[in-house]
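Since every read-out is calculated from the coordinates, none of them should be taken as a lab result. It should be emphasised that the depicted structure is a prediction, and the values quoted were computed from it without experimental measurement. So basically every Cβ, Gly included, is an ideal-geometry build from the backbone, and we count neighbours across all protein chains shown.
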Amino acid sequence: MSNSGGAGSVYRPKYRDKATGALKESAIWWISYTHKGVKYRESSKSAVKQAARALLKQRLGKAGLGQPVAPIVHRTTLDTLANLVITDYQNHGYDTLARQEDAFNHLREFRGGDVPAEAITTQWINDYIRWRRAQADGRSLKRRAGGKFAQGPRIGCADATINRELAALRRAFRLAARNTPPLVASVPHISLLTERNRRTGFFEWAEFSKLREHLPDYLKPVMTVAYYTGWRVPSELLTRQKHHIVNGMLELAAGEAKNEEPRRFPLDVIPELRETIENQCALTRQLEIETGRVIPWLFHNAGNPIVDYRQAWHKACRAAGIAGRIPHDFRRTAARNLINAGVDPMTTMRLVGWEDVNMLRRYNIIDDATLTSGVAKLRAYLDAQKRQPEKVVPIRG
């Protein structure tokens with residue numbers, strides 16, 4: 001065994017040949033060092049002694065800086081980081097698991113899932129942003145050998161999407177750093193982009209009415225409820241069952257909501273909303289009688305859960321002349337309608353499902369019609385003030 005300054009050693013392990021029983025020496029050099037009372041042995045994967053010494057020097061240098069030096073740190077890859085986040089989301093039952101999986105799929109497309117976590121540096125992240133932005137404007141770049149980029153097919157992306165992917169990567173590094181033992185030596189600085197592409201879509205009543213005419217019958221009830229309530233279609237409406245209607249209220253339990261807060265929305269106050277739910281329940285009862293099966297879902301397609309409605313949705317939007325709209329626009333629509341109707345912000349937040357007032361500011365779309373309505377209310381208030389008789393204050397002598 002050869003030492004290296006007393007702080008560690010490089011050596012070639014000896015082993016006994018199974019066939020002859022002769023004692024032999026490995027061609028590969030290994031390193032051995034101690035850090036915080038723990039002894040580590042690690043292969044240099046090289047038959048050159050100087051390469052092993054360089055690796056030992058690198059490990060001891062990191063140890064001197066207080067960074068993790070366990071071999072597991074150097075085996076951590078992007079796939080390892082992705083698995084940490086996916087497992088964490090599964091354990092906590094977060095409803096955005098699919099979004100995280102999609103984010104890591106794009107990260108893997110860039111330079112593969114086997115890229116070492118140590119190689120994900122600030123430069124790597126900047127190159128990834130450049131790559132994804134190039135996809136957004138039709139100049140998709142594919143990496144060739146040597147790190148060069150070549151023209152590729154248009155895929156489509158935006159800064160908000162890139163931010164979701166960077167946030168997933170940042171979360172992965174933080175989980176890896178908190179692991180025992182740590183799976184990464186350091187966490188790279190990952191700053192999010194300034195989002196200037198925030199969606200501002202919402203539905204005027206005439207637009208929604210026209211859209212609803214082109215929707216298939218099984219989607220009309222759920223989209224009607226989404227228009228009035230602003231609740232998320234996939235996770236908050238399509239998951240509702242008949243027992244979630246209690247005393248004229250549509251209910252969402254604390255564990256089901258994205259913000260972990262329970263929510264209730266009165267159905268009986270708005271006639272169309274009440275009739276939509278009543279008709280849906282009556283249709284479900286009739287279908288249960290005809291098929292002899294129990295249908296727990298409030299909204300369904302011939303008794304089956306509604307899973308993928310995107311194709312039907314986009315087809316209806318194109319037919320209604322409003323292509324590009326998404327069901328999430330109903331959240332903006334509901335916030336705008338409630339505020340314009342004079343509902344106070346705190347009640348609006350409680351009905352639609354926000355804890356942070358900044359989210360209300362983001363979703364409450366203020367256009368010229370909203371401003372005009374606000375000034376009209378101001379005029380009515382001032383006119384009422386002007387009509388009041390002037391109060392005469394007696395002068396005391």
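The table below gives the values:
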read-out: Karplus 3J(HN,Hα) series, Hz, for the range 305-310 with 6.51 cos²θ - 1.76 cosθ + 1.60 (x for Gly, Pro); value: x, 7, 9, 10, 10, 4
read-out: Long-range amide H partners of ASN301 with built H, under 5 Å; value: ILE306
read-out: 5 angstrom amide H check on THR76, placed H, neighbours 5+ away; value: ALA117
read-out: Backbone HN-Hα couplings from phi across the range 272-283 [Karplus 6.51/-1.76/1.60, Hz, Gly and Pro as x]; value: 5, 5, 5, 5, 4, 5, 4, 5, 5, 5, 5, 4
read-out: For peptides 96-107, 75-86, 336-347, sequence by mean Cβ density within 10 Å, most packed first; value: 75-86, 96-107, 336-347
read-out: Projected label distance in nm at SER186 and LEU23, using a 7 Å step from Cα toward the beta-carbon; value: 4.3 nm
read-out: Calculated P(r) tail over 13 Å for the range 255-322, as whole % of Cα pairs; value: 75 percent
read-out: ³J(HN,Hα) computed for each position of the range 178-183 - Karplus, 6.51 cos²θ - 1.76 cosθ + 1.60, integer Hz, glycine/proline x; value: 7, 5, 10, x, x, 9
read-out: Size of electric dipole in the range 206-376: Cβ of Lys, Arg +1 and of Asp, Glu -1, about Cα centre, debye, nearest 20; value: 360 debye
read-out: Residues with amide H under 5 Å from that of LEU250, placed H, sequence gap 5 or more; value: PHE265, LEU267
read-out: Three-way shape call for the range 212-311 based on the alpha-carbon gyration tensor, with the a/c threshold at 1.5; value: rounded
